[in-house]
Amino acid sequence: MDASILDETNPDKRDPELDLYNPDNPNQAPYSTAFVEQYRAAQIARNRRISAWAKDKLQHLRDNGRPHDEFAFVVHGTMADPRWLDPAIDPNGRKPRWCYLGDPQVVNNGPVGLARFCTLRSWLSQWSYDDSNADGVKCAASISIPALVIGNGADDACTPSHTHRLFNAITRPDKELHEIAGATHYYFGQPEQLQEAVSLCSNWLEQHGF
């Protein structure tokens with residue numbers, strides 16, 4: 001998420017030194033380790049502010065005799081990550097200034113994006129840093145059958161650390177990791193890489209009797 005946004009009701013109110021797409025930001029790619037750490041901390045802090053607000057809003061509904069009501073809202077700035085501008089961070093074969101939905105600066109505030117439209121419960125269940133049930137690493141640790149993990153060599157959404165965290169979290173010995181060279185997240189215009197992924201999955205399922 002965009003760590004620079006200071007006011008959820010006014011996304012134009014930003015910290016200029018955290019705004020990745022501001023040309024006047026003194027912090028420009030390639031980013032220092034200190035800046036990346038500062039940015040990550042600010043991302044988590046913003047996420048937690050939204051979560052705290054969502055919990056307060058749900059409690060307000062309960063306190064007013066409306067325990068089953070919901071409230072929809074928009075989350076602005078959801079495609080701002082230093083990795084999209086600095087390919088040296090969690091490197092792979094992706095092209096710089098690009099993400100799986102296109103130009104990340106456009107996507108960041110566009111009408112389509114991860115978590116753009118939420119409800120109180122959907123935010124807490126899926127996107128909240130502390131409350132989400134969509135914790136891939138935690139869930140991977142509970143896998144009780146053989147597992148196959150496939151990483152894409154030029155993935156422009158899930159960079160290598162994602163793949164390896166998931167793989168390493170699986171505690172079973174019968175697990176396999178494969179990487180498809182040059183493949184992007186959705187294999188757009190990549191029929192050979194797509195076929196490789198399909199074949200890997202099909203052959204693995206057949207070998208394991210699924």
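Which ones in the stretch 166-186 are free of Cβ contacts under 8 Å to residues at least 12 places away in the same chain and not polar (S, T, N, Q)?
Filtering the stretch 166-186 for residues free of Cβ contacts under 8 Å to residues at least 12 places away in the same chain gives 168, 173.
Once the filter is applied, which keeps residues that are free of Cβ contacts under 8 Å to residues at least 12 places away in the same chain and not polar (S, T, N, Q), the stretch 166-186 yields only PRO173.
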Review point. Quick one: how many residues across the stretch 38-63 are over 17 Å from the mean Cα position of the chain (by Cα) and more than 15 Å from ASP15 (Cβ to Cβ)?
Key: 12
Review point. Of the residues that sit in the stretch 9-53 and are assigned to a helix (DSSP H, G or I) and of a type in the set (D, E, K, R), which one is surrounded by the most Cβ atoms within 10 Å (Cβ to Cβ)?
Key: ARG46
Revision key, fill the gap. Per the filter on the stretch 189-210, residues exposed (fewer than 11 other Cβ atoms within 10 Å of the Cβ) and in a loop (DSSP other than H, G, I, E, B) are GLY189, GLY209, PHE210
Check your understanding: Residues PHE71, PHE117: which one is within 16 Å of the chain's Cα centre (by Cα), among the hydrophobic types (A, V, I, L, M, F, W, C), within 21 Å of ASN10 (Cβ to Cβ) and surrounded by fewer than 17 Cβ atoms within 10 Å (Cβ to Cβ)?
Key -> PHE117
Practice item. Go through the residues of the stretch 59-69 one by one and say whether even a single one is touching a residue at least 40 places away in the same chain (Cβ under 8 Å), under 18 Å from PHE117 (Cα atoms) and acidic (Asp, Glu). Key: no
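Tally up the residues in the stretch 93-114 that are of a type in the set (A, V, I, L, M), within 13 Å of the chain's Cα centre (by Cα) and crowded, with 16+ Cβ neighbours inside 10 Å, please.
1
Condition test on ARG83, is it touching a residue at least 24 places away in the same chain (Cβ under 8 Å) and outside the structural domain of ALA183 (by TED's automatic domain parsing)? First the steps, then the outcome.
On the way: touching a residue at least 24 places away in the same chain (Cβ under 8 Å): yes; outside the structural domain of ALA183 (by TED's automatic domain parsing): yes.
For ARG83, the condition - touching a residue at least 24 places away in the same chain (Cβ under 8 Å) and outside the structural domain of ALA183 (by TED's automatic domain parsing) - is met.
The values are calculated or read from the model by the stated rules, or taken from the named source; none is laboratory data. It should be emphasised that the depicted structure is a prediction, and the values quoted were computed from it without experimental measurement. No Cβ is skipped: glycine too gets one built from the backbone with ideal geometry, and neighbour counts run over all protein chains shown.
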